[in-house]
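Undergrad: Take this structure first; my questions come after.
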Amino acid sequence: MIQFENVGLRYGMGSEILRDISFHIAPGSFQFLTGPSGAGKTSLLRLMFMSLKPTRGLINVFGKDSATIDRKDIPAIRRRIGIVFQDFRLLDHLTTYENVALPLRVQGKDESSYKTDVQELLDWVGLRDRIHSPPSVLSGGEKQRAAIARALISQPEILLADEPTGNVDPPLAKRLLRLLAELNRSGTSVLIATHDLALMDQFDARRMVLNKGHLQTYG
Amino acid sequence: MANAPQTPPKIPLRKNAPAQSPQPRTKNADRVKKLSAILGRGSKDAVKTAVNNSQKILSTDNKPSIIPKESVSGTALIFVIAIMAFLACLTLGAVSLVNESASNWQSDISKEITIQIRPTPNNKMADILPKAQTLVEKYAGIKSVNILDKDETNRLLEPWLGTGLDLDELPIPRLLIIEIDAENPPNFAAIKEELVATIPGASLDDHRAWVSRLTRMARTTTLTGLSIFLLVLAATVLTVIFATRGAMAGNAHIIEVLHFVGAREPYIARQFQKHFFWLGLKGGALGGAVAIILFAILGLWSDQSFGTAVNAQVSALFGSFSVGLWGYLGAAIVILLVAVLTAATSSWTVIRHMRFLNKTQN
């Protein structure tokens with residue numbers, strides 16, 4: 001699904017922040033990506049999402065080499081990946097429903113074909129009563145659930161979540177983890193970038209640890 | 001993976017749900033069919049693309065705009081575009097006016113030639129003038145020959161010499177105005193040769209030098225006008241580029257999210273294009289409308305002040321001060337052109353800027 005081989009990354013002329021990274025994410029797998037702040041977790045996620053190009057090494061996403069892929073083909077790859085950010089990145093002028101429906105809207109789909117799906121998904125993440133609310137009136141947890149729903153609406157093959165529990169209290173973090181576990185059971189690969197050890201202890205999954213630019217995998 | 005905290009509700013997404021319900025295409029299909037029938041064979045694909053694209057830009061569905069309307073600098077840009085459209089219309093109107101007047105002058109001049117006879121000590125003007133008239137009349141292509149009598153010659157010289165002059169006391173040349181058949185002109189060289197040989201002091205002026213000067217002047221004016229028109233359009237394009245970049249900078253977070261959710265560049269460009277098309281149309285319509293009103297007022301003033309001294313001066317230069325149907329049609333075309341140019345420029349800027357950002361990111 002996603003394969004890294006000896007990947008290195010540096011910004012500009014600075015030193016390498018990621019060195020010789022090699023791993024493989026299999027279909028239907030669940031893993032945590034962890035490491036201290038500034039270790040390069042977000043950069044690694046951006047590489048997986050083809051938002052950055054590696055300085056060296058090979059990245060293969062859904063059979064496409066990131067070094068040779070035509071930029072016109074990148075949106076099609078991104079539609080197969082759901083991404084959740086720590087800071088949610090919801091659009092403030094749209095309602096929760098419109099934010100969640102955004103990935104399908106940009107694909108040019110007719111609203112009648114996805115309206116029920118969006119409503120059911122908002123039910124699933126517990127935001128049914130917030131369907132017409134703009135993000136500005138949602139709490140941190142509600143925003144995070146809306147961001148997760150947006151990442152899931154187009155039924156991605158893999159979900160990349162960057163600190164999805166960073167802005168929520170522990171009970172809500174637990175609830176969000178349950179949602180992601182259920183998603184994984186339905187066949188979607190999940191990668192959660194976090195430095196929350198308590199969260200990782202709640203779920204038995206592979207741990208990818210980034211430290212000083214190097215990656216070590218456990219489990 | 002087995003230690004999930006609790007049994008969560010089942011995810012509701014239907015994996016095999018149909019991706020998209022069939023689109024209602026009947027109206028579009030009818031439009032494409034009708035337009036293709038008008039434009040002829042082979043035009044179906046082009047018409048289909050044009051209908052679909054125009055619908056995408058002009059669509060006013062109930063969904064809120066992805067790029068907030070308020071985030072695109074509206075009012076100031078509308079006024080700038082309005083001013084540009086007004087100047088463009090004015091330039092087109094002026095070019096159309098000068099061209100029309102020059103063409104009128106040319107057609108008037110090419111219908112006439114003039115014979116000038118200078119007084120000489122041995123000739124009596126009263127004998128020479130009818131002789132010259134008879135000489136010219138026999139040529140084919142001559143419609144009429146009129147001798148400009150003393151009173152008419154007096155009036156012609158009044159602006160320079162004043163009134164109450166006795167022309168007999170002055171060696172004033174006399175003129176014969178000859179109306180020619182413009183489509184079947186006479187042999188000017190033969191007339192000239194015979195005239196000079198037969199009548200001393202006679203010369204023929206076929207006005208070619210004037211026609212040539214007028215043509216050059218009209219061409220220069222047209223070229224100058226078109227250059228100004230192109231400069232105005234270029235200024236509009238540059239303004240829209242700056243405005244689009246500003247709008248993109250203000251909406252960078254939205255563009256980033258659109259990228260993350262898998263939006264293609266043309267889709268993102270279209271979100272900006274929609275706003276800028278309407279801004280361009282509003283600005284163009286405002287500027288064009290003011291120009292059309294100005295043309296109408298000038299035309300009305302020209303009609304109402306007919307016979308006054310000022311009108312006579314203006315008429316001497318421009319004939320009837322009216323831009324005509326082409327002037328108004330040109331203004332309408334400028335309005336549409338400005339709207340389309342604004343939309344196309346914003347779309348091009350968005351795509352180009354995104355590619356630039358993409359390059360600098362990696």
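Undergrad: Which residue, of B:226, B:214, B:135, is part of a helix (DSSP H, G or I), over 25 Å from residue B:98 (Cα atoms) and touching a residue at least 40 places away in the same chain (Cβ under 8 Å)?
TA: None of the other options fit; the residue is B:135.
Undergrad: Does residue B:159 meet the test of being modelled with pLDDT under 80 and assigned to a loop (DSSP other than H, G, I, E, B)?
TA: Details: modelled with pLDDT under 80: yes; assigned to a loop (DSSP other than H, G, I, E, B): no.
So residue B:159 does not fit the description; no.
Undergrad: Could you tell me whether residue B:235 is modelled with pLDDT of 90 or more and more than 14 Å from chain A (Cβ to nearest Cβ)?
TA: Numbers: modelled with pLDDT of 90 or more: yes; more than 14 Å from chain A (Cβ to nearest Cβ): yes.
Yes.
Undergrad: Restricting to region A:23-35, count the residues that are away from chain B (no Cβ under 14 Å) and under 19 Å from residue A:202 (Cα atoms).
TA: 3
Undergrad: Residues A:150, A:145: which one is within 9 Å of another protein chain (Cβ to nearest Cβ), crowded, with 21+ Cβ neighbours inside 10 Å and among the basic types (Lys, Arg)?
TA: Matching residue, one of A:150, A:145: A:150.
Undergrad: Across region B:238-268, which residue is nearest to residue A:76 (Cα to Cα) among those that are of a type in the set (Val, Ile, Thr) and more than 7 Å from chain A (Cβ to nearest Cβ)?
TA: Within region B:238-268, the match that is nearest to residue A:76 (Cα to Cα) is B:268.
Undergrad: Same structure again: So which residues in region A:61-94 are surrounded by 18 or more Cβ atoms within 10 Å (Cβ to Cβ), closer than 23 Å to residue A:168 by Cβ and more than 16 Å from the chain's Cα centre (by Cα)?
TA: Passing the criteria: A:91, A:94.
Undergrad: Related question: Go through (1) away from every other protein chain (no Cβ under 13 Å); (2) surrounded by 17 or more Cβ atoms within 10 Å (Cβ to Cβ); (3) closer than 30 Å to residue A:9 by Cα; (4) among the acidic types (Asp, Glu) and name the single condition residue A:162 misses.
TA: The single condition residue A:162 does not satisfy is (1).
Undergrad: Here are B:127, B:108: which of them is loosely packed, with under 15 Cβ neighbours inside 10 Å and either under 21 Å from the mean Cα position of the chain (by Cα) or closer than 30 Å to residue B:326 by Cα (or both)?
TA: Criteria check complete, one pass: B:108.
Undergrad: Here's a follow-up. How about region A:100-140: which of its residues are farther than 21 Å from residue A:180 by Cβ, exposed (fewer than 14 other Cβ atoms within 10 Å of the Cβ) and either over 23 Å from the mean Cα position of the chain (by Cα) or more than 9 Å from chain B (Cβ to nearest Cβ) (or both)?
TA: Selection gives A:112, A:115, A:116, A:129, A:132, A:136, A:137.
Undergrad: Taking only region A:126-156 into account, find how many residues are of a type in the set (A, V, I, L, M, F, W, C), closer than 17 Å to residue A:95 by Cβ and either in contact (Cβ under 8 Å) with a residue 60 or more places away in the chain or not in a helix (DSSP H, G or I) (or both).
TA: 6
Undergrad: Give just the number: which of (1) over 22 Å from residue B:196 (Cα atoms); (2) surrounded by fewer than 17 Cβ atoms within 10 Å (Cβ to Cβ) does residue B:95 not satisfy?
TA: (2)
The values are calculated or read from the model by the stated rules, or taken from the named source; none is laboratory data. Treat the numbers as computed from the prediction; the structure is a model and nothing was measured. Cβ atoms come from the backbone with ideal geometry, glycine included; neighbour counts cover every protein chain shown.
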